[in-house]
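K.L.:
The structure is given below, and queries will be raised subsequently.
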Amino acid sequence: MSLKIKFCGNFNLDKTLNCGQCFRWYKVGDVWNGVVSGYAINCWVDNSELNIDSKLDDLNFWINYFDFDTDYGFILDNARKIDTVISRAISENSGIHVLRQEPWETICSFIISQNNNIKRISGIINSLCKNFGKYKSGIYTFPGADIISRLSIDDLDVIKAGFRAKYILNAAQKVSSGVIDFDKIHRLNTENASKKLQSIQGIGPKVASCILLYGFHKLDAFPIDTWMKKVILKFYKNMDQDYFGKYAGVIQQYLFLWSRNHPDLF
DNA sequence: GCCCAGGGAATCG
DNA sequence: CGATTCCATGGG
């Protein structure tokens with residue numbers, strides 16, 4: 001029931017769970033409560049150890065979810081050399097890990113994220129789980145694509161997703177029917193995987209990038225949202241994505257958080 | 001009332 | 001093509 005992951009690198013649980021990549025975590029005191037793969041989890045950091053309390057009693061699962069097998073020290077040391085803006089963004093927010101989240105939950109969550117704010121995104125996702133997930137010892141599971149695919153637009157009215165409801169249904173239908181196959185997307189390169197995801201209504205370049213980064217761990221996926229547009233306009237007007245290298249997605253994570261923490265700069 | 005929110009589809013020129 | 005407009009909803 002209680003696991004510990006000892007880490008030697010720079011890992012920051014607060015920033016990892018609070019950087020906009022996940023929506024089912026909230027903090028009570030020093031403890032983060034979440035729902036991952038249908039299980040409740042409570043976790044906290046103490047003395048360079050991540051303490052995990054969950055019925056999903058599988059150390060390797062959590063090492064994978066929190067991405068402790070990726071060498072962020074190596075990635076960030078190289079990223080710092082690119083320029084001083086990136087270097088500063090990393091210094092102010094060091095310790096972000098890119099979580100390995102479930103593809104379907106990530107697809108659904110980032111469809112809901114479009115033209116929306118993080119607080120309301122969490123609210124809609126919670127409502128989706130409460131209305132259509134399974135109740136299981138205090139938490140609601142994330143409803144599978146098969147369950148959602150059998151709903152109508154009217155059924156989804158209760159979650160108040162607005163114009164995104166039809167997109168959620170289209171995604172659920174394509175996933176549950178196998179038109180969108182997660183194994184195939186894993187095998188495609190980022191560009192082609194993005195094109196495949198964009199065959200779902202409501203998924204464009206930005207949402208596809210988020211899904212590939214957070215749901216398929218493709219670290220070269222580079223989501224450009226309203227905040228990143230401001231960063232690019234100010235510092236990277238003439239650069240293309242190659243400038244950021246093959247870990248552009250990790251760098252994006254830092255620039256995103258940095259820009260939000262310094263709105264005065266933009 | 002206005003504008004904005006981790007955008008994308010539809011339409012127009 | 002690129003640029004503009006509309007989409008639901010809630011908060012500031």
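Where a number appears in this text, it was derived from the coordinates with a stated rule and is not lab data. Quick caveat: nothing in here was measured; it's all calculated off a predicted structure. Glycine also receives a Cβ, built like all others from the backbone with ideal geometry; neighbour counts cover every protein chain displayed.
K.L.:
Quantify how much of the Cα-Cα distance distribution of segment A:208-254 extends past 15 Å, in percent.
P.N.:
40
K.L.:
A further question on this structure: Taking the radius of gyration and the Kirkwood hydrodynamic radius from Cα positions alone, what is the Rg/Rh ratio for segment A:177-266, to two decimal places?
P.N.:
Ratio value, two decimals: 1.02.
K.L.:
Can you give me the distance in nm between label points at A:Asp181 and A:Lys81, each placed 7 Å from the Cα along the Cα-to-Cβ direction?
P.N.:
4.0
K.L.:
Using modelled amide H (1.01 Å from N, peptide plane; none on Pro or chain starts), what sits under 5 Å from the amide H of A:Val36, excluding residues fewer than 5 places away?
P.N.:
Those lying under 5 Å, H to H, from A:Val36 are A:Ile41.
K.L.:
Compute the whole-percent fraction of alpha carbon pairs in segment A:2-70 spaced more than 16 Å apart.
P.N.:
Details: 1008 of 2346 pairs.
Value for segment A:2-70 (Cα pairs over 16 Å): 43 percent.
K.L.:
Another question about this same structure. Going by Cα centres, segment A:202-266 and segment A:38-80 are how many Å apart?
P.N.:
With segment A:202-266 and segment A:38-80 each reduced to a Cα centre, they are spaced 23 Å.
K.L.:
Between A:Asp242 and A:Asp53, what length in nm is gained on full extension when 0.36 nm per residue of separation is reduced by their alpha carbon distance? Write down the numbers at each step before the final one.
P.N.:
Numbers: separation 189, 0.36 × 189 = 68.04 nm, distance 4.05 nm.
Working it through step by step, the gained length comes to 64.0 nm.
K.L.:
Would you mind calculating the gained length between A:Ser199 and A:Lys136 on full extension (0.36 nm times residue separation, minus the Cα-Cα distance), in nm to one decimal? Numbers along the way, then the final one.
P.N.:
On the way: separation 63, 0.36 × 63 = 22.68 nm, distance 3.37 nm.
Contour length minus Cα-Cα distance gives 19.3 nm.
K.L.:
Provide A:Ile168, A:Ile75 in ascending order of the number of other Cβ atoms located within 10 Å of each residue's Cβ, fewest first.
P.N.:
Least to most surrounded, the residues fall as A:Ile75, A:Ile168.
K.L.:
I've got another one for you. Test of understanding: what is the full-extension gain from A:Lys234 to A:Lys160, defined as 0.36 nm times their sequence separation minus their Cα-Cα distance? Mind showing how you got there, number by number?
P.N.:
Working: separation 74, 0.36 × 74 = 26.64 nm, distance 3.55 nm.
Full-extension gain reported as 23.1 nm.
K.L.:
Take the Cα gyration tensor of segment A:103-215, multiply each eigenvalue by 5, square-root it, and list the three semi-axes largest first, rounded to whole angstrom.
P.N.:
22, 15, 14
K.L.:
Further, regarding this structure: Where is the GNM fluctuation largest for chain A (alpha-carbon springs, 10 angstrom cutoff): A:Ile52, A:Ile232, A:Ile200?
P.N.:
Of A:Ile52, A:Ile232, A:Ile200, the most mobile in the Gaussian network model is A:Ile232.
K.L.:
Sticking with the crude label model, points 7 Å out along Cα→Cβ, report the distance from A:Leu188 to A:Asp146 in nm, one decimal please.
P.N.:
Distance between the two pseudo-spin positions: 2.4 nm.
K.L.:
Tell me the volume per residue, in Å³, of the convex hull enclosing the alpha carbons of chain A.
P.N.:
Measuring per residue, one finds 132 Å³ for the Cα hull of chain A.
K.L.:
Something else: Along the Cα→Cβ direction, 7 angstrom out, place labels at A:Asn115 and A:Leu265. What is the inter-label distance in nm?
P.N.:
2.9
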